[in-house]
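A short write-up of the structure that comes next.
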Amino acid sequence: MRELRGIGASPGGAAGPVYRLAPPPALPPLAQTVDPEAEKITVRAAVVAVAADLTRRADTTVDAAAAEILRAQVMMAQDETLIDAADIAIDDGADAPHAITDVLAGHRAAFEAAGGYLAERISDLDDLRDRLVAACLGQPMPGVPDLGHPYLLIARDLAPADTAGLEPGLVLGLITAEGGPTSHTAILARTLGIPAVVRCAGILDVTDGALASLDGASGVVVAGVSAETVTAVNAERLAEIERRARSQGPGRTADGHPVALLANIGSVRDLTGEVEGVGLFRTEMLYLDRSDPPSYEEQVAAYRDVFAALPGRKIVVRTLDAGADKPLPFLRLAEEPNPALGIRGLRVARQAPSVLTAQLAAIAAAAAATDADVWVMAPMVATATEAAAFTESCREYGLATAGVMIEVPAAALRADQVLCHADFLSVGTNDLSQYTFAADRMCGDLADLLDPWQPALIALLASCAAAGVEAGKPVGVCGESAADPQFALVLAGLGITSLSMAPRSIPTVRESLAAHTLDECRQIAEAALAAPSPEAARTAAANASRQLRLGDGASVR
Ligand code: PEP
Ligand code: MG
């Protein structure tokens, strides 16, 4: 047995055989002697196998968008002109893998030249090429292995394209050698409820099929566990999932102080199970992969779908947060040397005000057509002046509750002034960490600076919460930190009024809050705030929590 340590990125235990993300096939040198008829048969067999595989995946995935992409790939693979062109390339001396590569290189150039929608499909075309070439060479399909049995997926890191359509029933856990706790992999794992460990050095040395276990809270991975351990870990996980599924009701501390537990969603599909409301509706999904903005009607329909699903409940819609880590081609923003510090979030409205006003009009129309309690907020607000301009625009469109995200330290430091204009604040701790510590949120090497337990971040959260208490206005947290059950106690103790997270994280946070009174949360928060480092803050909070549970509240500090 070998113990490896990484960073826990999505809580829960999992165990099973590990299998790695298969790399794209390397094209071997052109075969010396080519039997044209045999090569043509190889191409046809590859097309049949790949089309069957993609069709099966499209039929079984729960992700409707992924299914659509897979079916489009099947149509591309079965296109007669592709097979005819491959035959011609083979007659000219190519073997099957080279014929496919050459033909699809031609398609690729045509897609690129056409621009717009077709240009955006190039990565699907490249994926199809890799699959067909792998099939010709008798190699496993690239990407997430489809083994037909549950396993732990290991990889250097996962790109969003690799993870589209990941099936939580088959991928029991994720372990990556790189990445960080706020990387796409980590956010996706938490959204899907898949336990995950990131930055686990040495994981790529573990051979495919070896049994391993992972603890997504502590970041410990053990390679070489027994089959009995695998059974026991998975039985425990199943029992935990069932127990959580039964946990319901609004978030509140042991003495009944309410802390709303809300969901972070990107579309109506992310609304799984009963929720108190939505604390962050990321609207970027609607704008992704497009060369033109979505029409007014399309936007109204998408917002209405979400609002209608939660009658009478609070839904906080975030206006478009484009730029930097969320590039949106249709905006045609100029290249910038430092995109994360450039035109992004609300700042896009400086250059393209109609994108914001069209969105506000669509949100207002959708809100008017349903009974949901619709709140609107802007991302990346830096000053009280920006907050004033945004809330005024919202009011012009009849949107009654308008707030802002606190993601920039300047806004956190002047939260009281921001609250003179905004009806509420929502702290985006992912970006607030990035900008407070000048540490790119995608940079795994800086994970220690991006740790929400950093005392400087806790201090900024404390000042936002205090401004909210003073103004009598709600201040929530919607960054990934809200999903940490221990950190949730700190946030509640600071005076944060709602916590918004991936729906699957809610039950654990609910349990954690329910086990402590508000006064205990305040003592835990004070202990964390006084600590000099994240490690010390974690330990201080854990000790405070344990001592309080033992009824020893007097000796916490
Ligand atoms: C954040 O920055 O914490 C946040 C919730 O927004 P996003 O992750 O979408 O940038
Ligand atoms: Mg953000």
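The values are calculated or read from the model by the stated rules, or taken from the named source; none is laboratory data. Remember, predicted model here, so these are calculated numbers, not experimental data. Please note: Cβ atoms are built from the backbone with ideal geometry, for glycine as well, and neighbour counts cover all protein chains shown. For the accessible areas, the whole protein counts, side chains as well, though only heavy atoms, and no ligand, DNA or RNA atoms are used. Shrake-Rupley method; radii C 1.70, N 1.55, O 1.52, S 1.80 Å.
Looking at segment 227-250 only, could you name the residues that are under 22 Å from residue 491 (Cα atoms) and either out of contact with any Pro (no Cβ under 7 Å at 6 or more places or on another chain) or open to solvent by 60 Å² or more (accessible area, probe 1.4 Å) (or both)?
248, 249, 250
Do you know which residues across segment 330-348 are closer than 23 Å to residue 432 by Cβ, open to solvent by less than 30 Å² (accessible area, probe 1.4 Å) and touching a residue at least 24 places away in the same chain (Cβ under 8 Å)?
Within segment 330-348, 344, 345, 346, 348 meet the criteria.
Scan the helices (runs of 4 or more DSSP H) fully inside segment 456-546 and keep the ones with 3 or more residues being touching a Pro at 6+ places or on another chain (Cβ under 8 Å).
Where helices (runs of 4 or more DSSP H) fall fully within segment 456-546 and carry at least 3 residues being touching a Pro at 6+ places or on another chain (Cβ under 8 Å), they are 506-514.
If residue 318 passes every condition in (1) at pLDDT 95 or above; (2) more than 16 Å from ligand 1 (Cβ to nearest atom) but one, which one does it miss?
Evaluating residue 318 over (1) at pLDDT 95 or above; (2) more than 16 Å from ligand 1 (Cβ to nearest atom) leaves (2) as the failure.
Please determine whether any residue of segment 412-434 is free of Cβ contacts under 8 Å to residues at least 12 places away in the same chain and assigned by TED's automatic domain parsing to the domain that holds residue 280.
Scanning segment 412-434, I find no residue that is free of Cβ contacts under 8 Å to residues at least 12 places away in the same chain and assigned by TED's automatic domain parsing to the domain that holds residue 280, so the answer is no.
Considering 272, 283, which residue is more than 16 Å from ligand 1 (Cβ to nearest atom) and within 18 Å of the chain's Cα centre (by Cα)?
Exactly one of 272, 283 is more than 16 Å from ligand 1 (Cβ to nearest atom) and within 18 Å of the chain's Cα centre (by Cα), namely 272.
When residue 409 is evaluated against the numbered criteria (1) surrounded by fewer than 24 Cβ atoms within 10 Å (Cβ to Cβ); (2) at pLDDT 95 or above; (3) within 16 Å of ligand 2 (Cβ to nearest atom); (4) under 29 Å from residue 313 (Cβ atoms), which criterion, by number, is the only one it fails?
The one condition residue 409 does not meet is (4).
Identify all residues within segment 25-52 that are under 36 Å from the mean Cα position of the chain (by Cα) and crowded, with 17+ Cβ neighbours inside 10 Å; write none if there are none.
25, 46, 47, 49, 50, 51
Assuming residue 363 fulfils every condition listed in (1) among the β-branched types (Val, Ile, Thr); (2) away from ligand 1 (no atom under 16 Å from the Cβ); (3) open to solvent by less than 10 Å² (accessible area, probe 1.4 Å); (4) not in a helix (DSSP H, G or I) apart from one, which condition is it?
The number of the failed condition is (4).
Could you please find all residues in segment 388-416 being assigned to a helix (DSSP H, G or I) and over 29 Å from the mean Cα position of the chain (by Cα)?
388, 389, 392, 393, 395, 396, 416
For segment 428-444, give me each residue that is closer than 10 Å to residue 181 by Cα, more than 8 Å from ligand 1 (Cβ to nearest atom) and part of a loop (DSSP other than H, G, I, E, B).
Listed by number, the residues that qualify are 442, 443.
Consider segment 412-436. How many of its residues are touching an Asp or Glu at 6+ places or on another chain (Cβ under 9 Å) and away from ligand 2 (no atom under 12 Å from the Cβ)?
Residues flagged as touching an Asp or Glu at 6+ places or on another chain (Cβ under 9 Å) and away from ligand 2 (no atom under 12 Å from the Cβ) within segment 412-436 amount to 4.
Against the definition (of a type in the set (Phe, Trp, Tyr), surrounded by fewer than 17 Cβ atoms within 10 Å (Cβ to Cβ) and more than 16 Å from ligand 2 (Cβ to nearest atom)), how does residue 303 come out, yes or no? Working first, answer last.
On the way: of a type in the set (Phe, Trp, Tyr): yes; surrounded by fewer than 17 Cβ atoms within 10 Å (Cβ to Cβ): no; more than 16 Å from ligand 2 (Cβ to nearest atom): yes.
Criteria not met by residue 303.
Conditions first: (1) under 22 Å from the mean Cα position of the chain (by Cα); (2) under 24 Å from residue 238 (Cα atoms); (3) open to solvent by less than 30 Å² (accessible area, probe 1.4 Å). Residue 212 passes all but one, so which condition is the exception?
Only one criterion is unmet by residue 212, namely (1).
Being under 17 Å from residue 264 (Cβ atoms) and more than 16 Å from ligand 2 (Cβ to nearest atom): is that true of residue 484 here? Walk me through it before giving the result.
On the way: under 17 Å from residue 264 (Cβ atoms): yes; more than 16 Å from ligand 2 (Cβ to nearest atom): yes.
Answer is yes for this residue.
Checking the conditions here, which among 104, 54, 82 is in contact (Cβ under 8 Å) with a residue 40 or more places away in the chain and not hydroxyl-bearing (Ser, Thr, Tyr)?
Of the residues listed, the single one that is in contact (Cβ under 8 Å) with a residue 40 or more places away in the chain and not hydroxyl-bearing (Ser, Thr, Tyr) is 54.
Regarding segment 355-368, can at least one residue be identified that is touching a Lys or Arg at 6+ places or on another chain (Cβ under 7 Å), at pLDDT 95 or above and farther than 20 Å from residue 469 by Cβ?
Scanning segment 355-368, I find at least one residue that is touching a Lys or Arg at 6+ places or on another chain (Cβ under 7 Å), at pLDDT 95 or above and farther than 20 Å from residue 469 by Cβ, so the answer is yes.
Given (1) closer than 28 Å to residue 194 by Cα; (2) not assigned by TED's automatic domain parsing to the domain that holds residue 128, identify the lone condition not met by residue 28.
(1)
Could you list, in sequence order, the residues of segment 200-250 that are in a helix (DSSP H, G or I) and of a type in the set (Ser, Thr, Tyr)?
At the first step, the residues of segment 200-250 found to be in a helix (DSSP H, G or I) are 203-205, 227-246.
Selection gives 229, 231.
Only one of these conditions is not met by residue 518: (1) over 26 Å from residue 379 (Cα atoms); (2) in contact (Cβ under 8 Å) with a residue 40 or more places away in the chain; (3) crowded, with 24+ Cβ neighbours inside 10 Å. Which number is it?
(3)
Given the structure, is residue 482 under 18 Å from residue 180 (Cα atoms), among the hydrophobic types (A, V, I, L, M, F, W, C) and open to solvent by less than 10 Å² (accessible area, probe 1.4 Å)?
Judged against the criteria, residue 482 is a match.
Kindly establish whether residue 449 is outside the structural domain of residue 9 (by TED's automatic domain parsing) and open to solvent by less than 50 Å² (accessible area, probe 1.4 Å).
Judged against the criteria, residue 449 is not a match.
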